[in-house]
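The values are calculated or read from the model by the stated rules, or taken from the named source; none is laboratory data. Just so we're clear, the structure is a prediction, and the values are computed from it rather than from any experiment. Here the Cβ positions follow ideal geometry from the backbone for every residue, glycine too, while neighbour counts run over all protein chains shown. Ligands, DNA and RNA are stripped out before the accessible areas are found, and what is left, the full protein with its side chains, is counted by its heavy atoms. Shrake-Rupley method; radii C 1.70, N 1.55, O 1.52, S 1.80 Å.
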Amino acid sequence: MDYRKYGNTYLVCMEVGEEIVEQLKVLCRAENIRLAQVDAIGAVRQAVIGVYDLQEQVYHREDLEGIMEIAGLSGSVTTMNGEVYPHLHTTLAGQDNKVHAGHVIGLVVGATCEMFVRVLDGEVNRVRDDKIGINTIRF
């Protein structure tokens, strides 16, 4: 991963084989980013995405292999229990033009990932909401 800062925004370039969520955490820890908006494009070779089931309180996971375009990757960086907490969603297009979308559990770069991380002043924390079973923003 390589990155540069332009004003309040980082342009991040990730390389083949890097795990996107983990690299985002590395950046945030290194630059003390506690609140940010994330937007990216590129291509992945492996993906684990999910859709949350409110009744069962679990993510229904989909494991994907092969080169897929990141048609969209967006989300936020907040904190939980003092740690960086990325929350990302993606839309991926396969070689067959089939689209897969959902909550990002894991993404491995297949060609590149060009990510913009727009830093916001302040810090927003997450807390576990036991009613719905996910970590939600608390102001």
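Looking at Val124, Val84, which is the one that is at pLDDT 95 or above, touching a helix residue (DSSP H, G or I) at 6+ places or on another chain (Cβ under 8 Å), open to solvent by less than 60 Å² (accessible area, probe 1.4 Å) and aliphatic (A, V, I, L, M)? Don't jump to the end; show me each part of the working.
On the way: Val124 fails: touching a helix residue (DSSP H, G or I) at 6+ places or on another chain (Cβ under 8 Å).
Going through Val124, Val84 in turn, just one is at pLDDT 95 or above, touching a helix residue (DSSP H, G or I) at 6+ places or on another chain (Cβ under 8 Å), open to solvent by less than 60 Å² (accessible area, probe 1.4 Å) and aliphatic (A, V, I, L, M): Val84.
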Only one of these conditions is not met by Thr112: (1) part of a loop (DSSP other than H, G, I, E, B); (2) among the polar types (S, T, N, Q); (3) in contact with an Asp or Glu (Cβ under 8 Å, 6 or more places away or on another chain). Which number is it?
-> (1)
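Quick check on this structure: which one of Ala71, Ala30, Ala43 is touching a residue at least 12 places away in the same chain (Cβ under 8 Å), hydrophobic (A, V, I, L, M, F, W, C), open to solvent by 30 Å² or more (accessible area, probe 1.4 Å) and out of contact with any helix residue (DSSP H, G or I) (no Cβ under 7 Å at 6 or more places or on another chain)?
From the options Ala71, Ala30, Ala43, the qualifying one is Ala71.
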Hey, any hits in region 123-132 for a residue that's in contact with an Asp or Glu (Cβ under 6 Å, 6 or more places away or on another chain) and assigned to a strand (DSSP E or B)?
-> no
